[in-house]
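To start, the structure itself, in structure tokens.
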Amino acid sequence: MSLQERVGELLPLLNAAFPAHLVDVLDKFLAETVGAASVELLLADYDLGELRSLSSRSGDPLVAGERARIDASDAGHAYLTQVTVTVPEAGSLHVYLPISVRDERLGVLGVVLPQPLVAETVTGLATAAGILGYVVLAAGRFTDLFEQARRARPLSLEAEVQWGLQPVRAFSCPEFSLAGQLVPAYDVGGDSYDWVVNRGLASVYATDAMGHGLHASMLGALAVTAIRNARRAGRTLTDRFAAADDAIRRQFGSMATNTVPFVTAVALEVDITTGDAVALSAGHPWPYRLRSGRIEKVELTPQFPLGVAPGTIYAAEELDLSPGDRLVLLSDGVLEASKGGEHFGEARLEAGLLATKAEAPHEAVRHLVHALLDYQQSELRDDATILLFDWHGTVDQVGDPAGEADGAT
């Protein structure tokens, strides 16, 4: 039987395996079905700069081995392009297949095979990579092993809090696609983003907690969790902001400090059945909209940050949204990143957005983040968040309706 005929056996095998043995189970399965000489799982690190190899048959398969630069390797090319890459070498073929769940790019499956490679085998390997993606994503709920493997260095405590809140970094459906990133990835403090798509409604948020360090991280975590809690209770967008505002003041308002703890936030909510959209900004930088090659600010009515003014009644306002629009949510850390006293600023941001307008959100975000880091050439002095939301159109315009998904894990 061919790999494609037997691939249905793979999920039960992986599901029954101990997490540390997933790569070895896949190695054995592919050795039996296609004569694979070796298998490796390469996971993208937090900075989206390198792929960290977890090779099979190594005694402990989840100790990271060799690293491959995403911008300068065959495996990285598969990751960037999301297509299978084959490389002949000494009578064998190195095959690299992207591992993604929706648009969440987890890494690459590397397989060494005897030549020649037939199309049916490629199809079977792509199916196996897809199955592995869902298993690895689910495994994060009950083991630390994959998390440890993808970290190029330890996270700070503040970053651990923030990344523990974060949704998957990318998602796509017929109506829209999105991607986000926090930087500096290994030492982020008070910045966050969140998203969810329920029945007919997509909600996207970005938040920025006052200050730095663990205090900012805890403050931001409370804001995000309060918004989620209210959302899951069926409350409106404005009521979610009111709930977070109240939670911040109750928990942090009595602290003996010289400043009032606060969190800035911005939200976008789209009815994916009609294309109607609303937005709300609580002291946060305004979003940008990229439309037909032109960039403009979406100037929203200024409202108090969360936690500042008791009794604030937040109001959402209509947002002009057309198929093909790209909306950009960001924190002030993006514009204020500096080198030699000069900020990264709007001009560089807009140039980066225009340069990546044809890229999918995941790749556009990766380019923007690295442009920001390359500009400062050191750790950022403030957190920075970038989240892109591409609106493709309603089901009547683009095809089948979206299902339900939640970015939170």
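Read-outs throughout are calculated quantities, based only on the coordinates presented, and are distinct from any laboratory measurement. Everything numeric here is computed off the predicted structure, so don't read it as measured data. Note that each Cβ is placed from the backbone with ideal geometry, even for glycine, and that neighbours are counted across all protein chains shown.
Using the Cα gyration tensor of region 281-390, with a ≥ b ≥ c the square roots of its eigenvalues, what is the shape: rounded (a/c below 1.5), prolate (a/b larger than b/c) or oblate (neither)?
oblate
What is the fewest-to-most order of 195, 163 by other Cβ atoms lying within 10 Å of their Cβ?
163, 195
Using only alpha carbon pairs under 8 Å that are at least six residues apart, calculate the relative contact order of the chain and give it in whole percent.
Answer for the chain is 15 percent.
Roughly what would the spin-label model give for residue 397 and residue 201, points 7 Å off Cα along C-beta, in nm?
2.1
Could you give the DSSP H helices of the chain that reach 24 angstrom or more along their long axis (alpha carbon positions) and whose average Kyte-Doolittle hydropathy is no lower than 1.0?
The qualifying helices are 119-139.
What does the charge count around residue 314 come to, taking other residues whose C-beta lies under 10 Å from its C-beta (Lys +1, Arg +1, Asp -1, Glu -1)?
-1
Just need the relative contact order of region 3-149 here, percent rounded to a whole number, with Cα pairs under 8 Å and 6+ apart.
Contact order relative to length: 24 percent.
Would you order 70, 386 from fewest to most other beta-carbon atoms within 10 Å of each residue's own beta-carbon?
70, 386
Which label marks the calculated value of Rg and Dmax of the Cα atoms in Å, given the options (i) 20.1, 63; (ii) 22.2, 72; (iii) 32.0, 106?
Looking at Rg and Dmax of the Cα atoms in Å for this model, the match is (ii).
Region 79-103 to region 217-240: how many Å between their Cα centroids?
Between the Cα centre of region 79-103 and that of region 217-240, the gap is 40 Å.
Given the rule -39500 (n - 2.57) for each run of at least 4 DSSP H residues, summed and divided by the residues of the chain, what is its mean residue ellipticity at 222 nm, to the nearest 500 deg cm²/dmol?
Taken over the chain, the calculation gives -10000 deg cm²/dmol.
Most exposed first by the Cβ proxy, i.e. fewest other Cβ within 10 Å, how do 96, 375 rank?
Ordered from fewest to most neighbouring Cβ atoms within 10 Å, 96, 375 come out as 375, 96.
Find the centroid of the Cα atoms in region 284-303 and in region 1-33, then give the distance between the two in whole Å.
48
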